[in-house]
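Everything below concerns the one structure shown next.
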Amino acid sequence: MNHDVTTIDGFRLYCLQKSAVTEELPFGPDTLVFKVQGKIFALCDLNEFRSVNLKCDPDYAIDLREQYPRSVLPGYHMNKKHWNTVLVAGEVDANLLRDLVDHSYDCVCKTLPKSRRPKDWVMR
């Protein structure tokens with residue numbers, strides 16, 4: 001389903017439709033965190049929803065930051081090598097944002113032991 005990931009509701013539904021995903025508020029009531037098998041792949045501010053933090057392959061992260069310098073930034077309060085902060089109302093359209101969520105989810109899934117990977121997940 002093509003949820004409008006540029007809204008908090010659409011972003012939330014898009015993340016939750018993925019296999020083995022949970023949502024939590026481990027950093028307080030304002031930061032929504034999405035995990036697959038207990039490992040974070042996305043987080044965002046619940047109140048303002050101006051940006052999302054997404055895990056990313058380090059080389060791809062650099063490419064994205066160069067291609068979208070005003071909208072894809074090194075991860076705020078995250079390991080800047082492996083995380084990007086993506087501004088929701090910036091140069092990144094909804095299709096690319098969905099792709100980046102998928103990429104983040106995949107980055108985490110491939111680090112999981114095979115026995116813990118979601119059954120329907122396929123390595124891309």
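The values are calculated or read from the model by the stated rules, or taken from the named source; none is laboratory data. It should be emphasised that the depicted structure is a prediction, and the values quoted were computed from it without experimental measurement. With ideal geometry, Cβ positions are generated from the backbone for all residues, glycine too; neighbour counts draw on all protein chains shown.
What the table shows:
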{"read-out": "Close pairs from segment 2-22: first over 15 Å from SER51 (Cβ atoms), partner among the charged types (D, E, K, R) and in a helix (DSSP H, G or I), Cβ under 7 Å, at least 6 apart", "value": "TYR14/ARG98"}
{"read-out": "Subset of segment 76-93 that is at pLDDT 90 or above and under 14 Å from the mean Cα position of the chain (by Cα) - its residue that is farthest from PRO26 (Cα to Cα)", "value": "VAL92"}
{"read-out": "Subset of segment 1-35 [outside any loop (DSSP other than H, G, I, E, B) and either surrounded by fewer than 13 Cβ atoms within 10 Å (Cβ to Cβ) or among the charged types (D, E, K, R) (or both)]", "value": "ASP9, ARG12, LEU16, THR22, GLU23, GLU24, LYS35"}
{"read-out": "Test result for ASP63, of a type in the set (D, E, K, R) and over 13 Å from the mean Cα position of the chain (by Cα)", "value": "yes"}
{"read-out": "Qualifying residue in segment 23-39 (condition: in contact with a Gly (Cβ under 7 Å, 6 or more places away or on another chain) and not acidic (Asp, Glu))", "value": "no"}
{"read-out": "Test: residue in segment 39-50 that is modelled with pLDDT of 95 or more and among the acidic types (Asp, Glu)", "value": "no"}
